[in-house]
Structures are given as structure tokens and as C-alpha cells.
Amino acid sequence: MDEEYDVVVLGTGLTECILSGLLSVDGKKVLHMDRNDYYGGDSASLNLTQLYRKFRPDGSPPSELGRDRDYAIDLIPKFIIASGELTKILVHTDVTRYLEFKQIAGSYVYRDGRISKVPSTEIEAVRSPLMGLFEKRRAKKFFEFLQSWKDEDPATHQGINLDTDSMKTIYEKFGLEPGTQDFIGHAMALYLDDDYKTKPAREAYERIILYTSSMARYGKSPYIYPLYGLGELPQAFARLSAIYGGTYMLDKHIDEIVTDADGKFVGVRSGTETVKAKQVIGDPSYFGAGHDTEGGKVRVVEEGKVIRAICILKHPIPGTDDADSCQIIIPQNQVNRRNDIYVAMVSSTHNVCAKDVYVAIVSTIVETKNPEQEIAPGLALLGPIYDKFVSVTSLYTPTSTGESDNVFVTRSYDATSHFETVVEDVHAVYKRATGKDLVLKKREAEGES
Amino acid sequence: MSKQFQFKLVLLGESAVGKSSLVLRFVKDQFDDYRESTIGAAFLTQTVTLDDGTSVKFEIWDTAGQERYKSLAPMYYRNANCAVVVYDITQTASLEKAKSWIRELQRQADPSIVIALCGNKADLAARRQVTQEEAQKYAEEEGLMWGETSAKTGEGVADIFTAIAKKLPLTAPPSARAGGARAGPAKTGVDLNKQANTQGGQNEPCNC
């Protein structure tokens, strides 16, 4: 540890691993450390032993769940949206060669006490109980309007300005019912609450187009998922970093972020050793989040809490035609909340658990003092739950941009159902740390494949 | 047409025992005395043709230095069909390290994995610390293949990979091979690269 590095990266979550990989490819000398003996930090996938060690230190996994190594249980419930920014980074960095992806079989939305599939084909749309016949025609006109929109062609605008008119205005223009608005805003645009309705419509427009283009890309749902769990993603980017010279140290306790008299970053101390570097990038847990003893100065602030319940099931979720995987969205209006409840389920098809086991995560943004009660409508959709691991996690954001002290802190994994905000954070931290915009260029592949 | 099979092969062993040099000799028939640690190669491939015309393509994963500091990812072992665990015949300690990697493989990798223990730097026999008998006895006890190689002279290198190719189960159709599914045409999941140019979706039909 006596060498000097360009960048020390703390924590091997997906955000940190993508940044580490990109910086190593740029030629930076990177040292990447994690206090855990596994990759992934808060975005890891754990085997049964690791899962029990984390949630129930006194218990051990029941033998009837099968072999430990068959399990890779995600800590955060997210899928990859097929046409999104993470897909672009995966392709451009060529880490796809380490990974294999499968589709998520379906996306469902809860309305009036039951779940319905978000239509993925014309036939499903015609048969869908989500809208009446006349409402389907109005919705068709609405989607045709969005699909044909061209910024440079005013004839496609129908009098709407996406940058000044609100989504509410557009819904009213097409006469869409509140239930349809819920469906569009929450099941397609994937908004967690209704604040978007009064804001300029462009963002909602872009989200709907992202959803429909992702849906069109592979067919069944807009989502894809890496075999062996989300934890494969940080591992793949860590390998990219290592191949370009990045040094990896797991199971390394970090005792102090060392700064000089002006508060500028000098190095990272672990025990009696201090490794020097020009910059440090790390997840909030290394900068005072919830750990008084680690990191010293607190450089993050809590901006909310998320509850996540990892549920092990012995059956597919009722009402999904025995789907091997799915997303279910419970829009906030349906259950008198401010934020949606999400269910994300995967199974042995994705090599994350033993055969005939299904792993569902129910999650939402915490609104009350009794968060477990808040996810009850989601848990109720699952049928009998074999075992349940509940966590309430604080979401942290950095208190400064890092440009003045060379300490760059990433954000916690939020409650959204995909990785688009993670990639936004990658772009933001990359820009702050390097002073340049992240431009993705195709990596020159060495070796053939 | 002769049969083709593809397998994932992982390299393990202490730093500086010559893992990368061994692969470089096998794949490109080159050797570099002052080779720096592995940089820039995701994995290399090389095909071995057996006597009956069957060709076996190895997708060879190097550790990329992640074997130092206990930081090799589970992804590395995932779906590996075979492993070459390398030690340096001039360093007794490197055989002990190789043994611990073999225990790790037996714990983490698929039980059917074919493991070869490989004593490298055979050209430095004058400085030998690990006898052939000692290594061979250990390999027999653990049911491993064993051989000595010199990445520098090329001695034994092709032999050990050919021996592995012969030991692999060449019975299942290539598409069923887990390792082959990663990089070859046998990939069964969705292909992100193939679809990469159809983004935007402006003209996609509306399904709602």
C-alpha cells in the first residue's frame, strides 16, 4: 500500500464499479477497496449464508432451501430497462462479454384489488381489462401523438409545447380518465408519486418513449436481468477495471479519510497503513452514513428512507400466469399513499435460487413510523411467504460536490425500479472528478470472442 | 463436419508464477521475459484439435491481478469447465498457494470442473524446490491432472492444454455447455449488442 494512486475508490457497489472501470480505461491508476469480503456493497447479490449473516446473525439457512451456491439474492429490487443508459454503458464498455441476460417475463399494475398485465402486444392491449373500449381509443390517440412527436415539426405538436405545458394539460387534451393517467404515469413513466403531473411534460414524454421502446426491443416486458443476479453487474465492471490495471482489495476496513490542514483529501487509512491518492470516490457508508466510527467527518445527509422486504416464496405470484419473473406496481392512489409500492420477482430461470423457489422484493419509500405496515398491500399479493427479510434503509446524498476537497461521494440506491438514476450519478461523479463529460466510446476489444 | 466444443478455462495461482506467460505461449506462441502484470485482455481464445478431428475451443480467463488481496469475484469461477492452477517449481510456497486455490475451486466451482495442476518455470530446474514426485503425489490424491511446463521454452505447454481437452466431457451438444454459452453463438439469453442500433423507438407501434 506504499504506492500513490490517482484515485482510491471505496465500496464495490455498481456505481463505484462503473466509475472504477471507466477511470481505469482512461488510464488512471485506481485502487478499489471494500470493507466486505464480497463484491457489490449495497447492490450485491448474496448467497444464503451471506443473507442470513446479514439479517439474522444467530440463524442459519434451513436445509430445505437447497444448496448455498444456487442462491444470489439481490439486496436492491431493480431491473435493467432495455433501451436505457445502463444498457448503453454495458455495450460500450464491452462488459456484456462477462454477462448473460434474460427478459423479465411481465410487468403488472394493480387496480381495484387485482393485478393486470401491462400490455406488450396489440392483442394483449385489445384484451386488457385496464381500459374500457372508448378509453382505449382515446389512449390510442394519446400514444400516437407521443410516438409521432418530432421537435422540429410543429405539425406533430397539436398545439402542445412539451417544455411549458404540463402533463395534466396533455391528459386533459386527450380526455384520459384518472385510472388511465395512473397507468401511464406510474406503470409506464414509472413515476413514484404524482408530482410530475404539474411539471413540464417533456420528462414524462421521454420516460414513456423509453418504456415503449424498451418494451418493443425484446417483447415480453421492458426489462432485462443478468443471470446470477444483479451482483454480477458490479463484478463485471470490477473485472473491466482490473483488466485495465485497477487494484482490488476486499475485506479491508477503512478507518479514516485523511485530509490536510485545508481539508483537502490526502489518503485513506486502514489500520496503521495510509494509502495516498489524488482523489477518493466512495459510497455514502464510507463518509459517515450511519457509521460514527468510520470515515470521521460526515459528508452525507439523509434524504429519505426506503423499506425493502426480501420474500422467499415456494410458488409464483398468484395472477401472473405463473410468470418466472415480474414487476408489479401498486400506484399510490390505489392504496391512499404518496408513493407507489413495487414488487420485483425473479426465480431459478435467472439462476438466483433453487428450482421451485421464487424471490420477491416488496419496496416503497417510507411515509410513516410503521413502514412494515405500509408494504402490507404488496405482501398481500404474494400468497404464502416462506421467509421474509425486512430492512429499512436511509437514502443518502453527498453534502458537497467534492470539487473543493477531492472527496466525491456517490448516492444511495433509490426506490426507482431500474438503474437510470444510478447511471445519472455515474455521469455526475465522473464529471465532478475528471472535469470532463463522460463520452462513451467503444472499447477496443483485445482477444477475440 | 467435425464436432466443435467451447469451454471456459480459468487460470489460478499466486502472482508471478507465470499464468499470463503460459497463456501467451499457448495462444500466440510468444514469451516476454519482462512481462508486466496482465493489462487489457479480457480473455483469449485458442483451439485445440484432437486426433479424431474434434476441435475444442478454450475461452481462457486470466485473473487480471484480482487474485491478490482476496478479491477474485465469484463471476470468475462461474461456469468454468476447467481450471489450470499454476505454481512455480522454484518456489515451495507457490505450491502451498496452489493447494489453497484448489480448495477454493472445490468449494466455489461446479463439481464437474476439470482441474490441472501445472508446475511452471521447468527451464529453471537447477533452482527447483518442488520435486515432481511431491506435486504428482498431491495431484493423484486430489484427483487432479498434473504436468510441468516452461512458458519460456514452450516445453509441456501444448501438452497440458491438449490433455485437458481430452479429459473434458465431449458428449453433450455444444449449446449445452455452460461455458460456451457465455461468448459463443450458443448464447441463449437476450443479446444486447445485436439490438444496440434499434434504440429510440420513435416509430414503434403503440401497444396500448
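Read-outs: derived from the displayed coordinates by stated rules, not from any lab. This structure is a prediction, so every number in the text was calculated from the model and none was measured. Quick reminder, even Gly has a Cβ in these numbers, built from the backbone with ideal geometry, and neighbours come from all protein chains shown.
In the protein assembly as shown, what percentage of the DSSP-assigned beta bridges are antiparallel, given to the nearest 5? Show your work: numbers first, answer last.
Numbers: 59 of 103 bridges.
Antiparallel: roughly 55 percent of the beta bridges in the protein assembly as shown.
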* Using a cut-off of 18 Å between alpha-carbon atoms, which lysines can reach B:Lys152, once sequence neighbours fewer than 8 places away in the same chain are excluded? -> B:Lys19, B:Lys28, B:Lys121
* With 25 Å as the limit, write out which pairs from A:Lys355/B:Lys57; A:Lys168/A:Lys369; A:Lys29/A:Lys441 have Cα-Cα distances beyond it, or answer none. => A:Lys355/B:Lys57; A:Lys168/A:Lys369
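Taking the beta-carbon count within 10 Å as an exposure proxy, list A:Lys276, A:Lys117 from fewest neighbours to most.
Values: A:Lys276 16, A:Lys117 22.
By the 10 Å Cβ count, ascending, the order reads A:Lys276, A:Lys117.
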* Once phi is turned into θ = phi - 60°, what whole-Hz ³J(HN,Hα) does the Karplus curve with 6.51, -1.76 and 1.60 give for every residue of region A:409-418, x standing for Gly and Pro? -> 9, 7, 9, 5, 6, 7, 8, 5, 8, 9
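Using the Kirkwood radius over C-alpha pairs as Rh, can you work out the diffusion coefficient of region A:207-364 via Stokes-Einstein at 10 °C, viscosity 1.306 mPa s, in µm² per second? Walk me through the numbers on the way to the answer.
Working: Rh = 19.8 Å.
In µm²/s, the coefficient is 80.
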* To do: If a/c stays under 1.5 just call it rounded; otherwise compare a/b with b/c (prolate if a/b is bigger, oblate if not). Do that for region A:119-218, with a ≥ b ≥ c from the square roots of the Cα gyration tensor eigenvalues.
  => rounded
* **Inter-label distance, nm, simple model (7 Å from Cα along the C-beta direction), A:Lys140/A:Glu206** => 3.1 nm
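Please give the per residue volume of the convex hull enclosing the alpha carbon atoms of region B:4-183, rounded to a whole number of Å³. Write down the numbers at each step before the final one.
Working: hull volume 20.8 nm³, N = 180.
Hull volume over Cα atoms, normalised by residue count, gives 116 Å³.
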* Using the 10 angstrom Cβ neighbour count as an exposure proxy, how do A:Trp149, B:Trp101 rank, fewest first? -> A:Trp149, B:Trp101
* Approximate shape of chain A as ellipsoid semi-axes (Cα gyration tensor, √5λ), whole Å, largest first -> 37, 27, 21
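Subtract the Cα-Cα distance of B:Ala126 and B:Asp52 from 0.36 nm times their separation in residues, and report this length gain in nm to one decimal. Walk me through the numbers before you get to the answer.
On the way: separation 74, 0.36 × 74 = 26.64 nm, distance 3.86 nm.
Going from the current span to full extension adds 22.8 nm.
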* Asked: GNM on chain A, C-alpha springs below 10 Å: top fluctuator among A:Arg67, A:Arg111, A:Arg35?
  -> A:Arg67
* Pull up all non-local amide H partners of A:Ser270: gap of 5 or more, or a different chain, and H-to-H distance under 5 Å with H placed in the peptide plane. => A:Asp255, A:Val275
* Structure fact -> Per the C-alpha gyration tensor (a ≥ b ≥ c, the square roots of its eigenvalues), region A:27-131 is rounded if a/c is under 1.5, else prolate if a/b beats b/c, else oblate; here it's oblate
